[in-house]
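Asks: Here's a structure for you.
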Amino acid sequence: MTLAPIEAPARGIGGNRYKVGPRCANPGCSNWADHAHHIFRRSLLAGDYPYVEVAGVTYGNLTGLCHRCHDAVTGRVGGHSNAIRLEDGVFVWCEVETLSDHLLRFRPLGPLEPQPPTPDLTVESRAPESEHCPFCGQPRRRRESAGPAQPRRRRKNWTVAVPADSEDGAAILDAFVDDIAVLLGAGAWHERNRRYWALVHALAWVMQRREEFARDVKAAAA
């Protein structure tokens, strides 16, 4: 569970979700961002809000964190080793020291890089496609040639609706599918059918580990 960045009351504010990353916002980390982390946790705001208001000032509530730094601020592995605090209007990455069961000390290590944008600074970009996934920050995979022609199989279409606003759902799914396909070693037939092939293997793996998967998702959402 993410620690509150400040002890003052906070109110969630709706709006378009902005892109995070591509790098982890921890100033001491150079990894790619894996999570769009809620600085003020959803349970604290009673909802999923991309912005938050504190003492009349609005702040962005999402920041990109790598898997390791996300675990550090949510306390998933070994308790809270780090936290994000709001100090003088700036989100700061801090080291957490436990003084007692109900008393923590926060040692500032540096401001988040970049700082989450405010609504007036959040601009929908229509620039050429980024070289990185807008959700997780990972580099996009370049699709390779499918190779020699192979016999075609009979097919059906299976569609899924995805977001198409500040979050490009199609680009996110393509990035994940490409990464999984490359990881598994896609062959010639798989290059032409990589979405189905990668999704079937990934979902089969999830079902084999369904209890562990459900625990991880619930913990990440807390």
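Asks: Would you check if D34 is within 16 Å of the chain's Cα centre (by Cα), surrounded by 14 or more Cβ atoms within 10 Å (Cβ to Cβ), free of Cβ contacts under 8 Å to residues at least 24 places away in the same chain and closer than 23 Å to R215 by Cα?
Replies: So D34 does not fit the description; no.
Asks: Now for a separate question. Do any strands (runs of 3 or more DSSP E) lying entirely in segment 22-74 carry at least 1 residues that are within 21 Å of F106 (Cα to Cα) and among the hydrophobic types (A, V, I, L, M, F, W, C), and which ones are they? Before the answer, list the steps.
Replies: Working: elements: 35-38, 51-54, 57-60, 62-65.
Correct list: 51-54, 62-65.
Asks: Then there is this: Output the residue which, of all residues in segment 75-109 that are in a strand (DSSP E or B), without any contact (Cβ under 8 Å) to a residue 24 or more places away in the chain and within 21 Å of the chain's Cα centre (by Cα), is surrounded by the fewest Cβ atoms within 10 Å (Cβ to Cβ).
Replies: That would be V92.
Asks: Of all residues in segment 8-29, which are among the small types (G, A, S) and over 16 Å from the mean Cα position of the chain (by Cα)? Show your work before the answer.
Replies: Restricting attention to segment 8-29, the residues satisfying the condition of being among the small types (G, A, S) are 8, 10, 12, 14-15, 21, 25, 28.
Across segment 8-29, the qualifying residues are A8, A10, G12, G14, G15, G28.
None of the figures in this text is laboratory data; all of them are computed from the coordinates on show. Quick caveat: nothing in here was measured; it's all calculated off a predicted structure. Here the Cβ is made from the backbone with ideal geometry for all residues, glycine too, and neighbour counts use every protein chain on show.
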